[in-house]
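Engineer: I have a structure here, written as structure tokens, and I will follow up with some questions on it.
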Amino acid sequence: MICKFHGCLCAATFALMLSHVQATDDTKPGDKKPKAATTAEEATVDKDGWKSLFNGKDLEGWKITNFGGEGEVFIEDGAVVISQGSDLSGIHTEQELPKSNYEVQFEAQRAAGSDFFAGLTFPVKDNHCSLIVGGWGGGVCGLSSLSGMDASENETTSYRDFKKGQWYKIRLVVTDNNISAWIDDKQIVDVDTTGQRISTRFEVDRSKPFGFATWQTTAKLRNLKVRPLPKTEEKPAEKGAAK
């Protein structure tokens, strides 16, 4: 009787365990749904592929650049404020970002001072370059440097008046063989970088690999974001084309 009782008890226990397993895991291999994004990086990428680089609360992910004599950097009303220093002031990040085939957008304003308020240093493959907005006395825009010539003397040089306290929307696109830039939807740079020697002026080397600098000027920055772009493909030469 004892053995028979224990046999029934064991069978009942096994049946109960089996029903519990079937109730908690009734999915078949390949039927499981993908898990939702949980990492901080995935959470900051929107449906169009944009990754936000400023959180509007603090300088998380960024460092104040030690230029020497730099001004204070702080957050105000969701924007990064880079205060006027004796010469250069700025911030930089070492976050993992694309080196080519990417787009950057941000807004900037000159709050005080009279020189460049948005000096963005960015990667171009294994090199770096700087987009200067409002330099050389307040109006020069362009790239520093192309084949040893800076933003005031190369093919990207342009001039524009900037009003203090006004926000400007700036866009930069870097591909394998081109750098383009816009201010408020007006294109200011469109340069073929094939064969060009890409570099930065030594003064902003500490902004690498990706950073902002100002020259004796207080700037405000907001809504900074970046996204990768499809790799550009060179068009094959047409057969029989005239040379």
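We did not get these values from a lab; they are worked out from the coordinates using the rules stated. Small disclaimer: the values here were computed from a predicted structure and weren't measured. We place every Cβ from the backbone using ideal geometry, glycine too, and count neighbours over all the protein chains shown.
Engineer: For segment 56-69, just list the computed ³J(HN,Hα) in residue order, Karplus coefficients 6.51, -1.76 and 1.60, θ = phi - 60°, integers in Hz, with x standing in for Gly and Pro.
Structural biologist: x, 10, 7, 9, 4, x, 10, 10, 6, 6, 7, 7, x, x
Engineer: Under a point spin-label approximation (7 Å from Cα along Cα-to-Cβ), what is the Leu59-Glu76 distance to one decimal in nm?
Structural biologist: Going by the 7 Å Cα→Cβ label model, 1.5 nm.
Engineer: Take Gln105, project a point 7 Å from its Cα along the Cβ direction, then tell me which residues of segment 139-173 have their backbone nitrogen under 14 Å from it.
Structural biologist: 168-173
Engineer: Also: Evaluate the Debye formula for segment 42-228 with equal point scatterers sitting on the alpha carbons, no solvent, and hand back log10 of I(q)/I(0) at q = 0.09, 0.12, 0.14, 0.19 Å⁻¹, in q order, two decimals.
Structural biologist: Debye curve over Cα of segment 42-228, log10 I(q)/I(0) at q = 0.09, 0.12, 0.14, 0.19 Å⁻¹: -0.27, -0.50, -0.70, -1.39.
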